[in-house]
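The values are calculated or read from the model by the stated rules, or taken from the named source; none is laboratory data. What you see is a predicted model; the values in this text were computed from it and never measured. Note that we place each Cβ from the backbone using ideal geometry, even for glycine, and neighbour counts take in every protein chain shown.
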Amino acid sequence: MINPELPSICLIVSSKEIPEKLEIALKAGIKWIQYREKELPRKEILKYAFWVKEITKHYNALLTINDYLDIAIAIKADGIHLGQDDLPIEVAKKFFSGIIGISTHNLEEALDAQKKGAHYIGYGPIFYTTTKKDALEPKGYDMLSLICKKIKVPVVAIGGIKKQHLKDLKAMGCKYVATASGILVGDVKSNVENFLELFQ
Ligand code: TZP
Ligand code: MG
């Protein structure tokens, strides 16, 4: 796969948002879901992943699976998202022909992921977040802006991103964001509408 078209907003959901919040977000127009579950046993995650696949397919949205290549393959997900300590991208590419995204935390990791064929990179956390338990210190805007200039594949900013940040992110050349709490906390429908209006 060469340069897949990625929607500008990725909504990260865990099992507790399935199906209600997930469906509200999809109905409101979200076109890219990442299913990220850190708490449940693998068998449970597989079950939820099948449901997410059904719902995202119904709404014609892209689905990427966090961490688990076997589950991504089993449910025919569009993509997989891997961290620095997950399966190496070289190995994932041998078994999976879909979209591969890699989490990065500095320019070196971003360049390395790009060189190894990542279709997009995640970069962050930009701001403080409680969604990721082991999140690093917030990185702020400066390095993000540099990474967006130096990296050719889509750079997805992540971590504590809320609607009030979208204007600045756009202005610095950031074209993609991933969020959980920015959409899932509060009124999901109006959060999606705000994100779409400000960042599409
Ligand atoms: N990776 C870096 S920050 C983060 C992940 C998965 C959490 C994103 O969630 P939120 O609620 O948008 O900060
Ligand atoms: Mg991971």
### Task
Could you grab me the full set of residues in the stretch 78-102 that are out of contact with any Lys or Arg (no Cβ under 9 Å at 6 or more places or on another chain), touching a residue at least 40 places away in the same chain (Cβ under 8 Å) and within 12 Å of ligand 1 (Cβ to nearest atom)?
Gly101
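Return the total of residues in the stretch 121-154 being charged (D, E, K, R) and crowded, with 16+ Cβ neighbours inside 10 Å. Lay out the reasoning, then the answer.
Of all residues in the stretch 121-154, those charged (D, E, K, R) come to 132-134, 137, 139, 142, 149-150, 152.
If we keep only those that are crowded, with 16+ Cβ neighbours inside 10 Å too, we end up with 132, 139.
The number of residues fulfilling the criteria is 2.
Mind telling me which of the residues Ala118, Ala180, Ala157 ends up being surrounded by 16 or more Cβ atoms within 10 Å (Cβ to Cβ) and near ligand 1 (Cβ under 9 Å from one of its atoms)?
Numbers: Ala118 fails: near ligand 1 (Cβ under 9 Å from one of its atoms); Ala157 fails: near ligand 1 (Cβ under 9 Å from one of its atoms).
Ala180 is the lone residue from the list that is surrounded by 16 or more Cβ atoms within 10 Å (Cβ to Cβ) and near ligand 1 (Cβ under 9 Å from one of its atoms).
Residue-by-condition table, conditions (1) of a type in the set (Gly, Ala, Ser); (2) within 18 Å of Gly122 (Cα to Cα):
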| site | (1), (2) |
| --- | --- |
| Glu17 | no, no |
| Leu40 | no, no |
| Ala61 | yes, no |
| Ile65 | no, yes |
| Asp70 | no, no |
| Asp78 | no, yes |
| Leu82 | no, yes |
| Asp85 | no, yes |
| Ala92 | yes, yes |
### Residue among Gly173, Gly186 that is on the phi > 0 side of the Ramachandran plot, more than 16 Å from ligand 1 (Cβ to nearest atom) and either out of contact with any Phe, Trp or Tyr (no Cβ under 6 Å at 6 or more places or on another chain) or of a type in the set (Val, Ile, Thr) (or both)
Gly173
## Note on the structure
Among (1) within 16 Å of ligand 2 (Cβ to nearest atom); (2) modelled with pLDDT under 95; (3) out of contact with any His (no Cβ under 8 Å at 6 or more places or on another chain), Gln200 falls short only on (1)
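Any residue at all in the stretch 65-72 that is under 30 Å from Leu146 (Cβ atoms) and either modelled with pLDDT under 95 or away from ligand 2 (no atom under 16 Å from the Cβ) (or both)?
Within the stretch 65-72, the first condition is being under 30 Å from Leu146 (Cβ atoms), and the residues that meet it are 65-67.
Those left that are additionally either modelled with pLDDT under 95 or away from ligand 2 (no atom under 16 Å from the Cβ) (or both): none.
There is no residue in the stretch 65-72 that is under 30 Å from Leu146 (Cβ atoms) and either modelled with pLDDT under 95 or away from ligand 2 (no atom under 16 Å from the Cβ) (or both).
Please work out which residue is nearest to ligand 2 (Cβ to nearest atom), limiting yourself to the stretch 145-169 and to residues that are within 20 Å of Ile100 (Cα to Cα) and not in a strand (DSSP E or B).
If we filter the stretch 145-169 for residues that are within 20 Å of Ile100 (Cα to Cα), which is where we start, we get 147-148, 150-159.
Filter once more, keeping what is not in a strand (DSSP E or B): 147-148, 150-154, 159.
On the way: Ile147: 19, Cys148: 22, Lys150: 24, Ile151: 20, Lys152: 23, Val153: 18, Pro154: 18, Gly159: 14 Å.
Looking at the filtered set, the residue picked out is Gly159.
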